[in-house]
Each structure stands twice: as structure tokens, then as C-alpha cells.
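What follows is a short report on a single structure.
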Amino acid sequence: MSILIVNTKGRGAFEITQQVNDVIAGKNNVRLCHIFVAHTSASLMITGNEDANLLLDIEDYFQAHVIDANPNYRHNNGRDFDTSGHIRSVLTGESKTIPVIDGKLAFGKYQGLFLYEHRPGDNSRKLIITLS
């Protein structure tokens, strides 16, 4: 097991494919990589990494459908984005299990692994990586 800390600068998706590949590097006989983000307002997603506009489109979708400061939210923890961050995390998921081939995540040509930060501001996110 390894711990990877990723510092984020505001809401959005941050590609972490290479950082996870660096954790895998040099380890023999690894066939699977499981990544878990230990937070309730950040998540993981696998999506295209060939066009930055794709990530902006995903964020625009969430902005339109999971609205910050929705007056119908009962849980806001004193912040107007708290419930929306939790909903985003539930929809995108907190973990991924990815095959490993030749010491790297076995992604297609335009796939990447992203940490999706759902809160504004600077945050430090802990990812737990288990290799088998």
C-alpha cells in the first residue's frame, strides 16, 4: 500500500495518471492497481485526456445540475458548496481498480485518471493505492 498526496487549486479535474504510474514503477508482477480517495468531496474519474475542453464540459454539466447553495439542501455545514461537493463525489465515485500492463495503468490511447476536486480553494487530498 502507498499513500499519494495531491494538492489541488480549486474545483476541477487534475490528471494523476503519471503520479500513479510512478507509484507502480519498479514493482514486479503487478496486475491490478486500486486507488481510493479518502475524502467525501473529491473523487476519481477515468475520462479522455486529449482535449482540456472535455474537462470543462464535465464541470459545466455539474455546475448546471448539482447547484451550489441550493436552498433545498438541508446539509450545508456552514458552506454553500458542501452538499453539492458530496453529491458530485457520490456520482463520480471514490475508487477505481485498473489493470496494469508493462508496469503502467492499462489505459487506451486517450484515457487518463483524474482526481476530481469538488471544493473551491486549496485542498490536500490523500489517495490510498493498493497494488496486487
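The values are calculated or read from the model by the stated rules, or taken from the named source; none is laboratory data. The model shown is predicted, which means the values in this text are computed figures rather than measured ones. Please note: Cβ atoms are built from the backbone with ideal geometry, for glycine as well, and neighbour counts cover all protein chains shown.
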Taking the stretch 32-60 only, how many residues are under 18 Å from Ile128 (Cβ atoms) and not hydroxyl-bearing (Ser, Thr, Tyr)?
12
Scanning for something surrounded by 14 or more Cβ atoms within 10 Å (Cβ to Cβ), of a type outside the set (Asp, Glu) and in contact with a Leu (Cβ under 9 Å, 6 or more places away or on another chain), does the stretch 68-89 turn up at least one residue?
no
Take the stretch 46-56 and flag every residue that is surrounded by 12 or more Cβ atoms within 10 Å (Cβ to Cβ) and either farther than 25 Å from Cys33 by Cβ or among the acidic types (Asp, Glu) (or both).
Leu56
Restricting attention to the stretch 110-132, and to residues there that are among the basic types (Lys, Arg) and either outside any loop (DSSP other than H, G, I, E, B) or at pLDDT 95 or above (or both), which single residue is surrounded by the fewest Cβ atoms within 10 Å (Cβ to Cβ)?
Lys126
Need the failing condition index for Leu44 against (1) modelled with pLDDT under 95; (2) within 17 Å of the chain's Cα centre (by Cα), just the number.
(1)
Quick one: is Ala13 buried (at least 16 other Cβ atoms within 10 Å of the Cβ) and under 17 Å from the mean Cα position of the chain (by Cα)?
yes
How many residues of the stretch 62-101 are modelled with pLDDT under 95 and part of a loop (DSSP other than H, G, I, E, B)? The answer is 16
What number goes with the only condition from (1) of a type outside the set (S, T, N, Q); (2) surrounded by 12 or more Cβ atoms within 10 Å (Cβ to Cβ); (3) farther than 25 Å from Asp22 by Cβ that Tyr61 does not pass?
(2)
Of all residues in the stretch 84-129, how many are hydrophobic (A, V, I, L, M, F, W, C), in contact with an Asp or Glu (Cβ under 8 Å, 6 or more places away or on another chain) and farther than 17 Å from Glu15 by Cα?
0
Kindly check whether there is at least one residue in the stretch 51-60 that is at pLDDT 95 or above, in a loop (DSSP other than H, G, I, E, B), touching a strand residue (DSSP E or B) at 6+ places or on another chain (Cβ under 8 Å) and not hydrophobic (A, V, I, L, M, F, W, C).
no
Which condition number in (1) crowded, with 18+ Cβ neighbours inside 10 Å; (2) touching a residue at least 24 places away in the same chain (Cβ under 8 Å) is the one that Ala25 fails?
(1)
Do you know which of the residues in the stretch 94-127 that are among the β-branched types (Val, Ile, Thr) and more than 17 Å from the chain's Cα centre (by Cα) is nearest to Leu44 (Cα to Cα)?
Val100
